[in-house]
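Coordinate-derived values only; no laboratory data. Note that the coordinates shown come from a computational prediction; the quantities given were computed from them, not determined experimentally. Note that we place each Cβ from the backbone using ideal geometry, even for glycine, and neighbour counts take in every protein chain shown.
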Amino acid sequence: MKIRIRAQLFSSLRDAAGLEYVDLELRDGATVNDLLVALFARFPTLEAWKQSILVGAGVEFVGREHLLKEGEEISIMPPVQGG
């Protein structure tokens, strides 16, 4: 069985991919890590942020082990920078 996930890319990640939203179909039981692997395969330039990407589901930051749900919208962000 497959689930559909929408990933919203922010800031430099959006610029690198050339898209704000990416719709993906993943296996049932997929995690955020599986989502990132699929994104890196489709957009290899995103892999430069592999270690520092922040991921949100709803209004919470989640870890790479977060189990994805059908129709969930996931926010993918570069690290927060301040000055």
Loop-resident sites, segment 38-83, for trypsin sites (Lys or Arg not before Pro), counting at most 14 other Cβ within 10 Å (DSSP): K50, R64, K69
Sum of -39500 (n - 2.57) over DSSP H runs of 4+, divided by residues of the chain (222 nm, nearest 500): -6000 deg cm²/dmol
In nm, spacing of pseudo-spin labels at K50 and E73 (7 Å Cα→C-beta vector): 3.0 nm
Amide hydrogen neighbours beyond the local backbone of F10, cut-off 5 Å, H modeled: I76
Relative counts (whole %) of C-alpha pair distances in the chain, using bins that are 5 Å wide: 3, 15, 29, 28, 17, 6, 1, 0, 0, 0
Reciprocal mean inverse distance between Cα atoms of segment 11-56 - Kirkwood radius, Å: 11.2 Å
Charge tally in the Cβ shell below 14 Å around D28, where Lys, Arg are +1 and Asp, Glu are -1, D28 excluded: 0
Degrees between helix 32-42 axis and first principal axis of the chain (Cα, 0 to 90, nearest 10): 70 degrees
Dipole magnitude of segment 4-73, debye to nearest 20 (Cβ charges: Lys/Arg +1, Asp/Glu -1, about Cα centre): 160 debye
Pairwise FRET efficiency - V37 versus V80, Cβ, R0 = 25 Å, nearest 0.05: 0.60
Relative contact order (percent, whole number), the chain, Cα cutoff 8 Å, 6+ residue spacing: 41 percent
For E72, distant residues with modelled amide H under 5 Å away: R6
